[in-house]
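Student: Next up is a structure, given as structure tokens.
The values are calculated or read from the model by the stated rules, or taken from the named source; none is laboratory data. The shown structure was predicted, so the numbers you read here are calculated from the model rather than taken from an experiment. Reconstructed Cβ throughout: ideal geometry from the backbone, glycine too, with neighbour counts over all protein chains shown.
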């Protein structure tokens, strides 16, 4: 039999079992298929090679390399699974099949590489490098094998020769768009196979579910079916880099939760975009239980294709997430309950060889009928996961009856009867109090400031009259009043929130005025982001860009023009995320005397970009013991690290202000007394003595500096003690006794 596609014939013939082999056919129905070819090992980066005898690369610098599939097959063989798997013969996909998704120009660009000389390929390397991929003379054939392998696996499942299957193929495919390859991907294996199924079996396969758990968004698959209601695409992926100011690969807002499809495809595209690294089993399983499986069951597909990337696996160098082999097994187990078990997993990413091999093998074992292994007891989804799923539920509930209606995310908490968000109302209360009670001046955001700041920070920047003449300047960056970021353990009200904020104003401003310091008070969260931005995580990226712009503007417009000798930096909440921005500003190391960080457990700060011993020596962090504070402990490179049972910034500031203010004054006194020579620590340059401490034997606060590379990596909430050995072996500690911190 032959079927016309784009005016050409595409073969659909296959060997059918004879009626005399019913028992053999029945056995095959219970088997899981696998396809693999050593020919696909020939696709490697020019200048490297592959040892066929050892199945090893000679260069592990390229993430997408031949060893990936060799290690998976080796692990499957090691587990003695090969004999119980049905080998599906692999073949090269035809031009007509590939052009079900890709343009002829795309085909031609890859096809011509098969006939290029080594020099020609070298000359084209920069072009392909811009697309985040590489090619050699065998890439074209390997890519056709990869695509054809997934097609044949799908054919075998539809025709009843196997119950399900796993295609161990490379190069991967889900980034490849109709017009261009990208991101290690040549042809879009999963998308071509889905189109092929709909073309060849229009009566059997009417609806296809495509699940993509690769850590990167499958932009190519989404592009292929964005207007198609017969294919439901669900992707779980990282959306933002650790700094939350830029998009994770493939680097656009195309993977946002508000991308739901268009035209007939509206409602048939579901993106679950993680804003952070570190997402684990509990987060993925929560996403499956709350969103993926309810939608999938309502859609009721005839076939399921999983773009099975394993770069969300623990230890993967690109994904930086923590999904275990057990987690992948449980996701596979849930998927096999759909479409009467007609499921094909097609390998996508996964770049830590051991994690990839073990995770893929666990998925194969589940496909074969084994129960998934137990996951860790007591798994609880992170705040990041629950907030992300809430946002997705709110968006997708418009299209799916199974989802709860009226889900409100924390980003949309508002005061009843007003259109203005409650956080903005509290900002205005605070600014009014700073102006009328404490004499601060509102900074007009006019022609002198960038237009984006003028629209977003009106009435949020306050300064003292002595900002240019003071000797010591306090830079107070915060998100006070931003209740969606706070953890509530007791009832609250609008009036209580207002009182708490005004009390904080008095506490801090009275101290500043008494000391005759200058102050710049900035509520760093912008009130306005473009109306074109509707997706919560996309909005967060734009907010962070504005905040970085604000910090640079404040530095250039006020601090760099001020006569101040010392800067006291106090960061509260999300402003802690912008330390990297602050520490790269001009002359910051010579002026910054003290840094106090009070982070938000909902938004884990990113690690500093370099080792800054001078910064460790002047810094302190005050962290609530709740939720993900252990991750905060690892991320915050502070000299002093104190835990507190208060969960909210306003409460924590009240509780710890005496400790904070005393610490600030001690640091200022020590700096003004001289201390070590500028640029040196214990007689060594900062660059050469990376983790040394200031020579502070005679200092009153000698024990307030903890070496960040040596302190304990575990938090004990009962003892509340962090202790380390210094470089000379002396035991140092910061102990928390009630409300006191032992600094002496």
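Per-residue answers, yes or no, for (1) at pLDDT 95 or above; (2) part of a helix (DSSP H, G or I):
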| position | (1), (2) |
| --- | --- |
| 90 | yes, no |
| 101 | yes, no |
| 121 | no, yes |
| 127 | no, yes |
| 141 | yes, yes |
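For (1) in contact with a helix residue (DSSP H, G or I) (Cβ under 7 Å, 6 or more places away or on another chain); (2) modelled with pLDDT of 95 or more; (3) more than 26 Å from residue 336 (Cα to Cα); (4) not assigned by TED's automatic domain parsing to the domain that holds residue 341, each residue gets a yes or a no:
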{"site": "29", "(1), (2), (3), (4)": "no, no, no, no"}
{"site": "33", "(1), (2), (3), (4)": "yes, yes, no, no"}
{"site": "41", "(1), (2), (3), (4)": "yes, no, yes, no"}
{"site": "46", "(1), (2), (3), (4)": "yes, no, yes, no"}
{"site": "51", "(1), (2), (3), (4)": "no, no, yes, no"}
{"site": "64", "(1), (2), (3), (4)": "no, no, yes, no"}
{"site": "67", "(1), (2), (3), (4)": "yes, no, yes, no"}
{"site": "75", "(1), (2), (3), (4)": "yes, yes, no, no"}
{"site": "86", "(1), (2), (3), (4)": "yes, yes, no, no"}
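Student: Just one of (1) touching a helix residue (DSSP H, G or I) at 6+ places or on another chain (Cβ under 8 Å); (2) closer than 26 Å to residue 153 by Cβ trips up residue 260, so point out which.
Tutor: Only one criterion is unmet by residue 260, namely (2).
Student: Report, by residue number, each residue of segment 211-253 that is outside any loop (DSSP other than H, G, I, E, B), within 12 Å of the chain's Cα centre (by Cα) and buried (at least 24 other Cβ atoms within 10 Å of the Cβ).
Tutor: 236, 237, 238
Student: Tell me whether segment 167-187 contains one or more residues that are in the same structural domain as residue 350 (by TED's automatic domain parsing), more than 24 Å from residue 125 (Cβ to Cβ) and not in a loop (DSSP other than H, G, I, E, B).
Tutor: Yes: segment 167-187 contains one or more residues that are in the same structural domain as residue 350 (by TED's automatic domain parsing), more than 24 Å from residue 125 (Cβ to Cβ) and not in a loop (DSSP other than H, G, I, E, B).
Student: Restricting to segment 337-375, name every residue that is assigned to a loop (DSSP other than H, G, I, E, B) and either within 22 Å of the chain's Cα centre (by Cα) or crowded, with 22+ Cβ neighbours inside 10 Å (or both).
Tutor: Scanning segment 337-375 gives 342, 348, 349, 350, 351, 352.
Student: What are the residue pairs meeting all of these: first residue in segment 324-353, first residue on the phi > 0 side of the Ramachandran plot and touching a residue at least 60 places away in the same chain (Cβ under 8 Å), second residue surrounded by fewer than 24 Cβ atoms within 10 Å (Cβ to Cβ) and part of a loop (DSSP other than H, G, I, E, B), Cβ atoms under 6 Å, and 6 or more apart or on different chains?
Tutor: 339/301; 339/302; 341/163
Student: Determine whether residue 287 is assigned by TED's automatic domain parsing to the domain that holds residue 360, in a helix (DSSP H, G or I) and at negative phi.
Tutor: yes
Student: I need a count of the residues in segment 254-271 that are at positive phi and crowded, with 23+ Cβ neighbours inside 10 Å.
Tutor: 0
Student: Might you let me know whether segment 133-144 holds any residue that is touching a strand residue (DSSP E or B) at 6+ places or on another chain (Cβ under 6 Å) and under 29 Å from residue 364 (Cβ atoms)?
Tutor: Looking for residues that are touching a strand residue (DSSP E or B) at 6+ places or on another chain (Cβ under 6 Å) and under 29 Å from residue 364 (Cβ atoms), one finds none in segment 133-144, hence no.
Student: May I ask you to list pairs of residues, at least six apart or on different chains, whose Cβ atoms are under 9 Å apart, with the first in segment 371-390 being farther than 16 Å from residue 288 by Cα and the second being part of a loop (DSSP other than H, G, I, E, B) and modelled with pLDDT of 90 or more?
Tutor: What qualifies is 376/324.
Student: Right, another one. From the list 107, 196, exactly one residue is closer than 20 Å to residue 301 by Cβ and assigned to a helix (DSSP H, G or I). Which is it?
Tutor: 196
Student: Is it the case, given these coordinates, that residue 112 is over 24 Å from residue 37 (Cα atoms) and over 34 Å from the mean Cα position of the chain (by Cα)?
Tutor: no
Student: If I ask for residues that are within 16 Å of the chain's Cα centre (by Cα) and free of Cβ contacts under 8 Å to residues at least 60 places away in the same chain, which ones from segment 254-279 would you list? Don't jump to the end; show me each part of the working.
Tutor: To start, the set of residues in segment 254-279 that are within 16 Å of the chain's Cα centre (by Cα) comprises 254-257, 271-279.
Listed by number, the residues that qualify are 254, 255, 277.
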